[in-house]
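Report on one structure; see the data block that follows.
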């Protein structure tokens, strides 16, 4: 049995869901892509091109953009965040860049130096309904003359 073996055919295929951790003592330079969960406690100098869930711990930092289904941030990101569903910024979080998601939760103390975009269709419908308000019907001029 050798130390280095070829990947067997029964191993998980590329892109399968799983859990990946970048420890606090790890620095990665380059892009990461996964369908699973990615936890960053170290430093990523690159983009997260796709991930199911991204968790950036309080000691974690990303210098690059993040594209994911959902995200919880306790550390820092210097780049844009584009999340399909929900972004949660804990009290220790710092984002220097824009955030776009269906829902954004920022705990007291969380900081964003950029723009926020909530793009949920339900939120758009609620905003349109609230801005239109009740319709006031005025009598026609012909009815006033009668």
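The values are calculated or read from the model by the stated rules, or taken from the named source; none is laboratory data. Note that the structure is a prediction, hence the values are computed from the model and not measured. So basically every Cβ, Gly included, is an ideal-geometry build from the backbone, and we count neighbours across all protein chains shown.
Which number in (1) surrounded by 19 or more Cβ atoms within 10 Å (Cβ to Cβ); (2) out of contact with any strand residue (DSSP E or B) (no Cβ under 6 Å at 6 or more places or on another chain) marks the one condition that residue 107 misses?
(1)
Among the residues of the range 25-36, is there at least one that is crowded, with 20+ Cβ neighbours inside 10 Å and under 20 Å from residue 104 (Cβ atoms)? Write out each step before concluding.
So the first thing to find is which residues in the range 25-36 are crowded, with 20+ Cβ neighbours inside 10 Å, and the list is 32, 34.
Keeping just the survivors that are under 20 Å from residue 104 (Cβ atoms) gives none.
Scanning the range 25-36 turns up no residue that is crowded, with 20+ Cβ neighbours inside 10 Å and under 20 Å from residue 104 (Cβ atoms).
Residue under question is residue 77, and the condition is that it be under 22 Å from residue 20 (Cβ atoms), at pLDDT 95 or above and either over 10 Å from the mean Cα position of the chain (by Cα) or not in a helix (DSSP H, G or I) (or both); does it hold? Show your work before the answer.
Working: under 22 Å from residue 20 (Cβ atoms): yes; at pLDDT 95 or above: yes; either over 10 Å from the mean Cα position of the chain (by Cα) or not in a helix (DSSP H, G or I) (or both): yes.
It is true that residue 77 is under 22 Å from residue 20 (Cβ atoms), at pLDDT 95 or above and either over 10 Å from the mean Cα position of the chain (by Cα) or not in a helix (DSSP H, G or I) (or both).
Can you tell which of 59, 17 is surrounded by fewer than 17 Cβ atoms within 10 Å (Cβ to Cβ), part of a loop (DSSP other than H, G, I, E, B) and modelled with pLDDT of 95 or more?
On the way: 17 fails: modelled with pLDDT of 95 or more.
None of the other options fit; the residue is 59.
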